[in-house]
Amino acid sequence: LQIERDLRHALDHGEFALVFQPQVDLASGRTVGAEALLRWEHPLLGTRLPQSFIGRAEDSGLIAPIGDWVIDAAAAAAARWADHAGVARLAINVSPREIARPEFFSRLRAVLARHGAPASRLEIEITETLAMECGETVLAALAALRAEGVTIAIDDFGTGYSNLARLRALPLDKVKIDRSLIVDIAESEEARNVVHAVIGLIHGVGCLAVAEGVETEEQRAVLAVIGCDMIQGYAVARPMAEAAFGAWLNERA
Ligand code: G
Ligand code: G
Ligand code: MN
Ligand code: NA
């Protein structure tokens, strides 16, 4: 398939890049972490977003080498940021196909060690659906990673279905509330009530709550009132290339 050849070519020619979006602690206003998002800098088509190629990569098996590239690039960035006080953690998105590979966890450990990035600097985002459906092997591996200090987060919470018993049993640190639930909290009391209740649920299972897709100061203010811990979104900053992210951090310091 052409897309497979293109993805292979992209890997071999360094066309993948990570951009970084800050996560801010609402109470202190400090940048406490960032999410790494994958971009394909296509020489002819320009920047391509993950939704245009991750599905094809998963179907073709190329998600494994692409996922390895992401982990390697993220570990390198996390190690470079060792001196940036405050930015404690870098989150990566991991697809179900990657995490199901038996060698995923040992490889992750090895990559962190090679870059000299402590496990405590890395956060793994798994989707709500994966979190609800993963088997004992993945669960045990997540628990082992967490025991080493890797933060485990559920992404896009509120878009899939959640088994609440399962949510309690999972080895989890953070839950990211999907932006579809955040989008109208400034206008709708019902939307506010739902997000407030979801934050209560997240705290109830001992996790921190992160709101995604926060675009306005009004939304930020509402989230502070209803006890959300962290926010991410255009109201803080768009995803940025590493140099721009560094400059952005320095400006705020
Ligand atoms: O900017 P945005 O289009 O970057 O991201 C859209 C989606 O792509 C997100 O839901 C995210 O989970 C997914 N995504 C972004 N980066 C990666 C990555 O490195 N690996 C995988 N598997 N998914 C990613
Ligand atoms: O599913 P995941 O949360 O990993 O995807 C993050 C996606 O959300 C990326 O595509 C990122 O570019 C996008 N994004 C980040 N902040 C905002 C925001 O404030 N508004 C909107 N509409 N999208 C955002
Ligand atoms: Mn994510
Ligand atoms: Na998300």
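The values are calculated or read from the model by the stated rules, or taken from the named source; none is laboratory data. Worth saying up front: this structure is predicted, and the values here are computed from it rather than measured. Every residue, glycine among them, receives a Cβ derived from its backbone with ideal geometry; neighbour counts consider all protein chains shown. Ligands, DNA and RNA are stripped out before the accessible areas are found, and what is left, the full protein with its side chains, is counted by its heavy atoms. Shrake-Rupley method; radii C 1.70, N 1.55, O 1.52, S 1.80 Å.
Pairs under 8 Å by beta carbon, first residue among the acidic types (Asp, Glu) in segment 213-240, partner more than 16 Å from ligand 4 (Cβ to nearest atom), six or more apart or different chains?
Glu218/Ala186; Asp229/Asp25; Asp229/Leu26; Asp229/Ala27
Among residues belonging to segment 115-143 that are among the charged types (D, E, K, R) and part of a strand (DSSP E or B), point out the one that is farthest from the chain's Cα centre (by Cα). Spell out how you get there, then give the answer.
Here is the first cut: in segment 115-143, the residues among the charged types (D, E, K, R) are 121, 123, 125, 128, 133, 136.
Within this subset, residues satisfying the condition of being part of a strand (DSSP E or B) are 123, 125.
Values: Glu123: 7, Glu125: 4 Å.
Residue satisfying both the conditions and the ranking: Glu123.
Of everything in segment 103-137 that's farther than 22 Å from Arg179 by Cβ and of a type in the set (S, T, N, Q), which residue is surrounded by the fewest Cβ atoms within 10 Å (Cβ to Cβ)? Give the steps one after another, and end with the answer.
Here is the first cut: in segment 103-137, the residues farther than 22 Å from Arg179 by Cβ are 103-122, 133-137.
Imposing the further condition that a residue be of a type in the set (S, T, N, Q) reduces the set to 106, 120, 137.
Details: Ser106: 10, Ser120: 14, Thr137: 12.
Among them, the one singled out is Ser106.
Regarding Arg146, is this residue open to solvent by 50 Å² or more (accessible area, probe 1.4 Å), in a helix (DSSP H, G or I) and more than 22 Å from Gln219 (Cα to Cα)? Give the derivation first.
Working: open to solvent by 50 Å² or more (accessible area, probe 1.4 Å): yes; in a helix (DSSP H, G or I): yes; more than 22 Å from Gln219 (Cα to Cα): yes.
It is true that Arg146 is open to solvent by 50 Å² or more (accessible area, probe 1.4 Å), in a helix (DSSP H, G or I) and more than 22 Å from Gln219 (Cα to Cα).
Among (1) at pLDDT below 95; (2) more than 10 Å from ligand 1 (Cβ to nearest atom); (3) touching a helix residue (DSSP H, G or I) at 6+ places or on another chain (Cβ under 6 Å); (4) open to solvent by 20 Å² or more (accessible area, probe 1.4 Å), there is one condition Glu58 misses while meeting the rest; what is its number?
(2)
Right, Leu167: open to solvent by less than 70 Å² (accessible area, probe 1.4 Å) and touching a residue at least 12 places away in the same chain (Cβ under 8 Å) or not? Break it down into steps so the answer makes sense when it comes.
Numbers: open to solvent by less than 70 Å² (accessible area, probe 1.4 Å): yes; touching a residue at least 12 places away in the same chain (Cβ under 8 Å): yes.
Against the criterion (open to solvent by less than 70 Å² (accessible area, probe 1.4 Å) and touching a residue at least 12 places away in the same chain (Cβ under 8 Å)), Leu167 qualifies.
Looking only at helices (runs of 4 or more DSSP H) that lie completely in segment 176-249, which have at least 3 residues being within 16 Å of ligand 1 (Cβ to nearest atom)?
Working: elements: 179-182, 189-204, 217-225.
In segment 176-249, the matching helices (runs of 4 or more DSSP H) lie at 179-182.
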